[in-house]
Amino acid sequence: MEETRQENENLEFENRIDLSELQESVNKIKTQLSKVIVGQKEMVDLLIVAIFSDGHALIEGVPGVAKTMTTKLLSRAMDIDFSRIQFTPDLMPSDILGTSVFNVKTSEFEFKKGPIFSNMVLIDEINRAPAKTQAALFEVMEEKQITMDGTRYQMNAPFIVLATQNPIEQEGTYRLPEAQLDRFIFKINVEYPSAAEELEIISREQALEKNTKLDEVEKVITGEEIIKFKNLIRQIKVEKNLLEYIANIVVNTRSNSFLFLGASPRASISILKAAKAFAAINGKDFVTPEDIKNAAIPVLEHRVIVTPEREMEGVTSKQIIEQIIESVEIPR
């Protein structure tokens, strides 16, 4: 009997998903970024989870907290195509998607692809472009394809959109509607560095000679590996009671008296995907309640709206989500 039990345990161990390569790649990415970026551990962690969850991320913070620099460095650590689009009030959909150009030699129109045709796309100051341009971008994010002159063009995998916005300056900006915010798996809030981190930042800047910050970073992961790891993460096990735990958290946002708008089913799916990625990065082939808690706040924070009365009292969506998570019974 004891022999049979040991054989079953060995069989179970052999059947587990090997996550060592994924963990090693994640550590390599973090090592490369830490050569330049000081602190901002949460932003880096969430960006990596977003990429492996097949999601897009919105990064919000005041100017100068390394939002754009971090995304550029992240792209440098990956052997994939990268493009950056600076959103401005006069930007048109064709400026990001591409346009048909008449070829004199063939007497036919040819489609010239725009900068959105890349593996990783950085949208700087996404709230500066008008609604028409924003809508064109969000369609590509959701469908991972565009249709131009009756022809469908598919985005190459992996396809990741990382967008930044400044929460302070409102002049010349166009607020993102809730339905469009829902397309981002995470909204990452970037805080100011501490005094010690600030000192480290300026010390590193002083130490730089001829090299630029981007020269410090080496490519440590390929696009094929990213796709492979995404497929691996999809195989992470989630018990039924944990699926119920996710559903209960999201449903509670819809009945909370402090919230004017609750989260959609897309939020539940996003929590599930992100929790699997958190588990895999931590070397587990199964999701725990802790993984779900880690995913819930960045997934839900931008998908709910606080009632005007509570907002005037200074209550934030993060505080309400934390209360909801604490109130929902953890599965045993």
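When segment 290-332 is examined, which residues are found to be of a type outside the set (A, V, I, L, M, F, W, C) and surrounded by 17 or more Cβ atoms within 10 Å (Cβ to Cβ)? Break it down into steps so the answer makes sense when it comes.
Looking only at segment 290-332, we keep the residues that are of a type outside the set (A, V, I, L, M, F, W, C), and these are 290-291, 293-294, 298, 301-303, 307-311, 313-314, 316-319, 322-323, 326-327, 329, 331-332.
Result: Asp291, Lys293, Asn294, Pro298, Glu301, His302, Arg303, Arg310, Ser317.
Filtering segment 242-267 down to residues that are within 20 Å of the chain's Cα centre (by Cα) and surrounded by 18 or more Cβ atoms within 10 Å (Cβ to Cβ), which residue is modelled with the lowest pLDDT?
Looking at the filtered set, the residue picked out is Ala263.
Comparison of Gly64, Gly114 shows that the only residue that is of a type outside the set (A, V, I, L, M), at positive phi and either in contact with a strand residue (DSSP E or B) (Cβ under 6 Å, 6 or more places away or on another chain) or open to solvent by 20 Å² or more (accessible area, probe 1.4 Å) (or both) is Gly64.
Please pick out the residue among Glu191, Glu197, Glu171 that is open to solvent by 70 Å² or more (accessible area, probe 1.4 Å), at pLDDT 75 or above and of a type outside the set (Gly, Ala, Ser).
Working: Glu197 fails: open to solvent by 70 Å² or more (accessible area, probe 1.4 Å); Glu171 fails: at pLDDT 75 or above.
Sole residue among the options that is open to solvent by 70 Å² or more (accessible area, probe 1.4 Å), at pLDDT 75 or above and of a type outside the set (Gly, Ala, Ser): Glu191.
Looking only at segment 222-271, count how many residues are closer than 30 Å to Gly314 by Cα, touching a residue at least 24 places away in the same chain (Cβ under 8 Å) and part of a helix (DSSP H, G or I). So the count comes out to 11. Screening Ile305, Ile324, Ile271 for residues that are within 28 Å of Asn27 (Cβ to Cβ) and either in contact with a Cys (Cβ under 7 Å, 6 or more places away or on another chain) or of a type in the set (Val, Ile, Thr) (or both) leaves exactly one candidate, Ile271. Close contacts from segment 312-332, counting a first residue that is over 15 Å from Ile297 (Cβ atoms) and a second that is charged (D, E, K, R) and open to solvent by 50 Å² or more (accessible area, probe 1.4 Å), with Cβ to Cβ under 8 Å and a gap of 6+ residues or different chains, come to Pro331/Glu239; Pro331/Glu244. The residue list Phe102, Phe82 contains one member that is touching a strand residue (DSSP E or B) at 6+ places or on another chain (Cβ under 7 Å), under 24 Å from Pro130 (Cα atoms) and either open to solvent by 30 Å² or more (accessible area, probe 1.4 Å) or at pLDDT 90 or above (or both), which is Phe82.
The values are calculated or read from the model by the stated rules, or taken from the named source; none is laboratory data. None of the values given here were measured: they were computed from a predicted structure. Cβ coordinates were reconstructed from backbone atoms using ideal geometry, including for glycine residues, and neighbour counts include every protein chain displayed. Surface accessibility is based on the protein's heavy atoms, side chains included, excluding ligands, DNA and RNA. Shrake-Rupley method; radii C 1.70, N 1.55, O 1.52, S 1.80 Å.
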